[in-house]
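These notes are about the structure you will find just below.
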Amino acid sequence: MTAPLVDIRNLHVALPDGADRPYAVEDLSMTLNAGEIVCVVGESGSGKSLTARAMMGLLPEPRVRASAGQIIFGGRDLLQLPKHERRLLCGEQLSMIFQEPMTALNPLMTVGRQIEEVLIVHTSLSAAERMERVLALLAEVHLPDPPRIAASYPHQLSGGQRQRAMIAMALIMDPKVLVADEPTTALDVTTQAQILKLIRELQHLHGTGVMFITHDFGVVAEVADRILVMQHGKVVETGTADQILNRPEAPYTRALIRAIPSLTPRSRTPIEGVPILKVEDLDKTYRQSGLLAKGREVHAAKDVSFTLKRGETIGIVGESGSGKSTVARMIVRLLQPDGGRIDLHGIDLAPLSKRQLKPHRRRVQMVFQDPYASLNPRRKIGEIICEGPVANGVPKSKAMARARELLGLVGLKPEVAERFPHEFSGGQRQRIGLARALAMDPEVLVADEPVSALDVSVQAQVLELLAEIRDRLGLSVVFITHDLRVAAQVCDTIVVMSKGEVVEHGTLAEVFADPKHAYTRELLASIPGKDWQIPELAEAGAV
Amino acid sequence: MSGRIAFILRRFLQAIPILLAIIIINFLLLKLAPGDAADVLAGEAGSATPEYMAELRAKFGLDKPVPVQLAQYVGRVLMLDFGYSFRHDMPVAQLVIDRLGPTLILMVTTILLAVGFGILLGLLAATGLNTWRDNVISILALVSYATPLFWVGLMLIVVFSINLGWFPTSGMETIAAFHTGWARVLDIAHHLVLPAITLSLFYLALYTRLMRASMLEQAGMDYVITARAKGLSERRITFRHVLRNALLPVVTMAGVQVSSLIGGSVIVETVFGWPGLGQLAFESLFARDLNLLMGIFFLSAVLVLIVNLIVDILYTLLDPRIELK
């Protein structure tokens, strides 16, 4: 066997003094061969991204630096190379693509120009030759109408197009190594499937060695040849894709894989409750109007109808821009619908004024997506939870007692009521968000992507908690998600939305087993790792 | 292109009600101030009988109720008649237009100086972060930011005009020399140095600080990491990527501040005897020459609206994400 393309030996990445641990990456060794995809998997804080940055020489030095170890590439240790030689390797031999293609591209420069820059630095081609190469590569990453794309600014492209342009930029010098840092995390699931396919296709064609950083085992199952699992900066397990995915040894890997929501719909007894919330023909149009200019119209929701029974969980699934969040916000009446009915126990909430709505506000509560942005950082947890009830006339002391009780219910200690949001992790904050919603004694809970910002193991815990509380309190839940795996685990009924319209509506089992609409089929086919049967792992006592 | 013309046209239409509101507010505010032209004239004459005062007021139309005066004034302005300045014995329009030139010279020079050097100094400070260069620039910026305008003006006169004799103390040109052509341009430029420096110093400091902060903020953005991953040199990253992004807030700020620049020029024009609108406003305020004052205010408002329009158009050229709507 030939020498590996990249050989990382005992890499240490040191964090500045006063960080929560001395090393972000500790004693990491791995190899990357030509033509293979090695996935580095881990949850947030595992050090996977810094490993990628160290490889590219992009660590935020001098605060964070590779303090020991070697990265051997082409017979030389990258960590010992002089700065300018290291720089010239970047973009030519080693390339990188990033998670968020919107911020990773300069907003003021055309896409073509940004790709061309790589050629300006690394080649002596003429302007015409450079343009030719750029257009050829844009075609190779399957972008339609390359001249138009090249002349576009990043904001004029869709997320998938931007990521394709990023890939073109990374591959234009035909590098030997591609480092991909969560390249599909910010994308919709159907776009993600296309980008993964593209990366595999180009990697195969050019024999590139790919280091693929991700947190998503579904994605891993799609692309990986070999896998490296990281936790707290250390490698916990490494092996071939088959070994790690199907016969994981390390307790941490086993725990991670066990936390992945299965695609097999969980069997629940059918809900026979009375309808509690009837949504009929809900409409919302966003207009951009000008004095003389013609306004643009976007139908965020069009004729959306569904019925929620008592104790039922209905999932609204769709990609970004499908209107699912708009619907959620209209049900909670954070948005005023343009038309339609929101019938809660015979009262139509849609046309009510703010004042008329007030006595009903309590009954429909929302849990938000971003656990960091949705809690006021200047207020104590107890105050945040009490605010709703107090505004509705509950005495402060009574509300506070209830808040402590609720904190216990969501698995936190009652004492945390005296602390501020920044002291909590994402998962804990989402529990606080749930307690806040429950403080109003709602009948319907609207959860807008409540777990999509969380790591997979935390996600599993929060979903479990949500299901438990729903059953205990007899809540009905409207669950907004883009993740069909999550939907498969929590929902009874599913509403599939696309471009503001409901394209399919049925019980979870029906929709998953026999999707009627083409879009639903595409959505299901795009789930990363759908062919990977998650192994039944016994819960190891040592975890 | 047609979109841009439609945009400009629309902005002109929108400007009409704004200007009308400004005229009315200015008129009413000035009416609230005690004293009128008759008081000043009578005061200067040394003595005046009440009959003479009444006669003066009737002559200037000051004896009618305020709403009538307002209606008459607005009516005249709509016909582009800004009235007559009794103090200068000239039509307001002509007087104001005469003084516009010097003010524009001073303003444009000041803006170019402040923005140009502010960007340069901010760039130098940010690229040499925490070095002596950055420290010197930051301290100088802080000092000029904190020093009052009129004091800077007076000190510059003391040092450079009186002690060193390098620059004239006041005025816009050496009238007695009857320069023409390039000699006149040079003469005006010579007179311009001190007032322009005085007026620009404060804004220069502001833009330096803003540019430095903006450069540092942009240097931490993701696209800079992308640029590094492409193998670009730091120099290229700074000039091709960071600089242009960092300019945007500076341009926004400069656009907003042109209006306050007109206010600042009142002090500087008075200190340096610069025959511009600011000085005229100052004089007419003390002479209670309200017609003239309102004419100046009106012109200032027009100037601000035009500058805002120019900044908005400039912004679309700098930032492709902004569309003219």
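The values are calculated or read from the model by the stated rules, or taken from the named source; none is laboratory data. Keep in mind the model is a prediction, meaning the values are calculated, not measured. FYI the Cβ positions are ideal-geometry reconstructions off the backbone, even for glycines, and counts take in every protein chain you see.
Taken together, A:Ala417, A:Ala399, A:Ala350, A:Ala403 contain a single residue that is aliphatic (A, V, I, L, M) and in a loop (DSSP other than H, G, I, E, B), which is A:Ala350.
Only residues that are among the hydrophobic types (A, V, I, L, M, F, W, C), within 14 Å of chain A (Cβ to nearest Cβ) and in contact (Cβ under 8 Å) with a residue 40 or more places away in the chain: list them for the range B:270-325, please. Passing the criteria: B:Leu314, B:Leu318, B:Leu324.
Kindly check whether there is at least one residue in the range B:188-207 that is more than 30 Å from B:Gly101 (Cα to Cα), more than 9 Å from every other protein chain (Cβ to nearest Cβ), of a type outside the set (Asp, Glu) and touching a residue at least 40 places away in the same chain (Cβ under 8 Å). Spell out how you get there, then give the answer.
First, the residues of the range B:188-207 that are more than 30 Å from B:Gly101 (Cα to Cα): none.
No, because not a single residue in the range B:188-207 is more than 30 Å from B:Gly101 (Cα to Cα), more than 9 Å from every other protein chain (Cβ to nearest Cβ), of a type outside the set (Asp, Glu) and touching a residue at least 40 places away in the same chain (Cβ under 8 Å).
Before we move on, is B:Leu186 part of a helix (DSSP H, G or I) and farther than 18 Å from B:Thr109 by Cα? When the stated conditions are applied, B:Leu186 does not pass them.
When the range A:226-247 is filtered for residues that are in contact with a helix residue (DSSP H, G or I) (Cβ under 9 Å, 6 or more places away or on another chain) and part of a strand (DSSP E or B), the ones remaining, listed by number, are A:Arg226, A:Ile227, A:Leu228, A:Val229, A:Met230, A:Gln231, A:Val236, A:Glu237, A:Thr238.
Within the group A:Arg378, A:Arg333, which residue is assigned by TED's automatic domain parsing to the domain that holds A:Glu501 and basic (Lys, Arg)?
Values: A:Arg378 fails: assigned by TED's automatic domain parsing to the domain that holds A:Glu501.
One residue alone meets the criteria, A:Arg333.
With respect to the stated conditions, A:Thr185 fails to be under 29 Å from the mean Cα position of the chain (by Cα) and assigned to a helix (DSSP H, G or I). Inspection of the range A:520-540 finds a residue satisfying the criterion of being at negative phi, surrounded by 20 or more Cβ atoms within 10 Å (Cβ to Cβ) and touching a strand residue (DSSP E or B) at 6+ places or on another chain (Cβ under 6 Å).
With respect to A:Ile167, determine if the residue is aliphatic (A, V, I, L, M), surrounded by 15 or more Cβ atoms within 10 Å (Cβ to Cβ) and either over 25 Å from B:Asp222 (Cβ atoms) or within 14 Å of chain B (Cβ to nearest Cβ) (or both). Judged against the criteria, A:Ile167 is a match. Selection of first residues in the range A:1-18 that are assigned to a loop (DSSP other than H, G, I, E, B) and of second residues that are of a type in the set (Gly, Ala, Ser), restricted to Cβ pairs under 8 Å at least 6 apart or on distinct chains, gives the following pairs, ordered by first then second residue: A:Leu5/A:Ala34; A:Leu5/A:Gly209; A:Leu15/A:Ala24.
Just one of (1) surrounded by fewer than 16 Cβ atoms within 10 Å (Cβ to Cβ); (2) within 14 Å of chain B (Cβ to nearest Cβ) fails for A:Glu129. It is (2). Each residue in the range B:219-236 was checked for being at the interface with chain A (Cβ under 10 Å from one of its Cβ atoms), more than 14 Å from A:Leu59 (Cα to Cα) and assigned to a helix (DSSP H, G or I), and 3 pass. Each residue in the range B:237-247 was checked for being crowded, with 22+ Cβ neighbours inside 10 Å, at the interface with chain A (Cβ under 7 Å from one of its Cβ atoms) and farther than 15 Å from A:Ile120 by Cβ, and 1 of them qualify. Of all residues in the range A:183-208, exactly one satisfies the criterion of being closer than 25 Å to A:Ser452 by Cα, of a type in the set (D, E, K, R) and touching a residue at least 24 places away in the same chain (Cβ under 8 Å), namely A:Asp188. For the residues B:Met211, B:Met215, the requirement of being away from chain A (no Cβ under 14 Å), within 24 Å of the chain's Cα centre (by Cα) and under 30 Å from A:Val121 (Cα atoms) singles out B:Met211.
Report whether or not A:Ala139 is within 21 Å of A:His206 (Cβ to Cβ) and either surrounded by 20 or more Cβ atoms within 10 Å (Cβ to Cβ) or at pLDDT below 90 (or both). Criteria not met by A:Ala139. Of everything in the range A:342-369 that's without any contact (Cβ under 8 Å) to a residue 40 or more places away in the chain and of a type in the set (A, V, I, L, M), which residue is surrounded by the most Cβ atoms within 10 Å (Cβ to Cβ)? That would be A:Leu349. Entry remark, the range A:128-171: residues being part of a loop (DSSP other than H, G, I, E, B) and under 28 Å from the mean Cα position of the chain (by Cα) number 8 in total.
Scanning the range A:464-484 for residues that are surrounded by fewer than 20 Cβ atoms within 10 Å (Cβ to Cβ) and within 22 Å of the chain's Cα centre (by Cα) yields A:Glu464, A:Leu465, A:Ala467, A:His482, A:Asp483.
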